[in-house]
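All remarks here apply to the structure that follows.
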Amino acid sequence: MAPGWRDTLWLALFVAFAECQFDPSSFEPNHPGVNMFDDRIFSASSTFNYEDPSRIDEDIPIIIWWTERLFLDDGIKLLNCPDSVCYSTSDRTLIDDPRTRGFYFYGTDLDPEDMPLPRKPHHEWALYHEESPMNNYMLVHNAMLRLFNHTSTFRRESDYPLSSNALIGLDYLTERKPVPITEKNIARKEGLAPILYLQSHCNVASDRDRFVRDLMKHIDIDSLGQCLHNKDIPKELQDPVETMESPELYDLISKYKFHIAYENAICKDYMTEKLFRPLHVGSVPIYKGSNRIRDWLPNNKSAILIEDFSTTEELASFLKYLDENDDEYESYLSFKQTGINNTFLTDSIRKREWGLNEQGKPDSLVGFECHICRQLTRRHQRESLSSSYPYVSSLPEHMANSSHLSCPQPYPSVGEVEDLPNDDKWLQQMWIEDYWTGLDKAEALTEMLKNNETNPGSFMDYLMRADKMRFSP
């Protein structure tokens, strides 16, 4: 047979296998494919562990959780996915094992002084980061992002996006009825402010406290948290960790007409429960965070966007108008009755591969593990074909870029940074310096990889050089 015929056949067979469609039902316990590898495996992420690495199948890739906080098992775990199988572990001694193909990193815990070096050509890096960009500003720069082969972040452009990670489902937005406007008006007459501010993480990168302090000059705000505290929260709700999702807290928030939903960092698609919780209870969010937030709202009139107002005084004037005009105020809660008409939101939630306690879908972490397993398996299979049949090319390299996570530099929420006094509390947090130091760290790590560095402990030497280069004339 002619080589061209074999080439066509092998490519067809490979593509048919590797490009098979993802089947969410494969995560369901009764799916016929779930037990095809071992009768002790019953889900996408098996709890069956292998204590001895020598016992594992040589043809199955190993993926190491280098930042091990999210790996809750011991030994080596068989990751049994709908269309691929991998071993997952936090055992760093397997770094040089030829079966090791990938490394998971949890963004908040990623430490440039503790990386799997040297990085071998077949080692693929995968970033999982659904938390605030201010947790690790090294990750928001292209110099760092381009080092990863795969990403799962809050940005919709990432390989396995988690933009809606804070939204349980569509019903969450509409299932709870708002407090009647008559009751809210009675509460107002009894001394309740129209606006609630509930934060205990102060002087964060977004500088929200400064904005709220300025807004307080023009309209009453009850601040029940530690930040700008002016009113006590009920004692039973004082532990923010224990009560964050409690019915009693929801009842408290629902009494207010407005709720300040100001994220701790400003970045595209970064949004948290600060937005979705007031939507759930029926308190209109006063929002600042992602400049794409309209894509994620129930309709085009369900939140008040701070970016639409040039000053806090202008915003306060509009809020007072809504406070005094019931029909206009209630129009911001109309989605509770008419439902969600934002097709981008509904399509995004229904089509996302992962879920939050949704039958037939893995959680986002397991889903991302399987996404990486699938990609590594495809590449490994293609490499095996290429080694036997030179005319079968390897898969092209896949790398992340700035669109997968990049965020702008922090800036004061009111005024200019050069006008701030030296003792300004936000300025003393050094968010701007932290942001640019993150770039230096990313460039230092890049140089380590270029030099095929084997010693992670030499990072500080590279960092000092990167810092000098940035400030050199």
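The values are calculated or read from the model by the stated rules, or taken from the named source; none is laboratory data. Here the structure is a predicted model, which means the values were calculated and not measured. Methodologically, a virtual Cβ is constructed for each residue, glycine included, from the backbone with ideal geometry; neighbour enumeration extends over all protein chains shown.
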Answer residue from segment 125-183, given it is touching a helix residue (DSSP H, G or I) at 6+ places or on another chain (Cβ under 6 Å) and among the basic types (K, R) and is farthest from N341 (Cα to Cα) among those: R155
Condition met for S458 (surrounded by fewer than 16 Cβ atoms within 10 Å (Cβ to Cβ) and within 21 Å of M115 (Cβ to Cβ)): yes
Subset tally (residues that are over 27 Å from the mean Cα position of the chain (by Cα) and either at pLDDT 85 or above or surrounded by 13 or more Cβ atoms within 10 Å (Cβ to Cβ) (or both)) for segment 364-413: 10
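Looking at segment 222-244, which of the residues that are outside any loop (DSSP other than H, G, I, E, B) and over 18 Å from S283 (Cβ atoms) is nearest to the chain's Cα centre (by Cα)? If you could, list the steps in order and put the result at the bottom.
Going residue by residue through segment 222-244, those that are outside any loop (DSSP other than H, G, I, E, B) are 222-223, 235-237, 240-243.
Cutting the leftovers down to over 18 Å from S283 (Cβ atoms) gives us 235-236, 241-242.
Working: K235: 32, E236: 30, V241: 20, E242: 22 Å.
It comes out as V241.
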Given (1) loosely packed, with under 14 Cβ neighbours inside 10 Å; (2) assigned by TED's automatic domain parsing to the domain that holds T174; (3) in contact (Cβ under 8 Å) with a residue 60 or more places away in the chain, number of the condition F344 does not satisfy: (3)
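Would you point out which residue out of P133, P112 is farther than 24 Å from S394 by Cβ and either surrounded by fewer than 22 Cβ atoms within 10 Å (Cβ to Cβ) or modelled with pLDDT under 95 (or both)?
Values: P133 fails: either surrounded by fewer than 22 Cβ atoms within 10 Å (Cβ to Cβ) or modelled with pLDDT under 95 (or both).
That would be P112, the only listed residue that is farther than 24 Å from S394 by Cβ and either surrounded by fewer than 22 Cβ atoms within 10 Å (Cβ to Cβ) or modelled with pLDDT under 95 (or both).
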Per-region count, segment 181-198, residues closer than 16 Å to I221 by Cα and touching a residue at least 40 places away in the same chain (Cβ under 8 Å): 11
Selected residue (criterion: farthest from I260 (Cα to Cα)) from residues of segment 270-323 that are under 20 Å from the mean Cα position of the chain (by Cα) and in a strand (DSSP E or B): K288
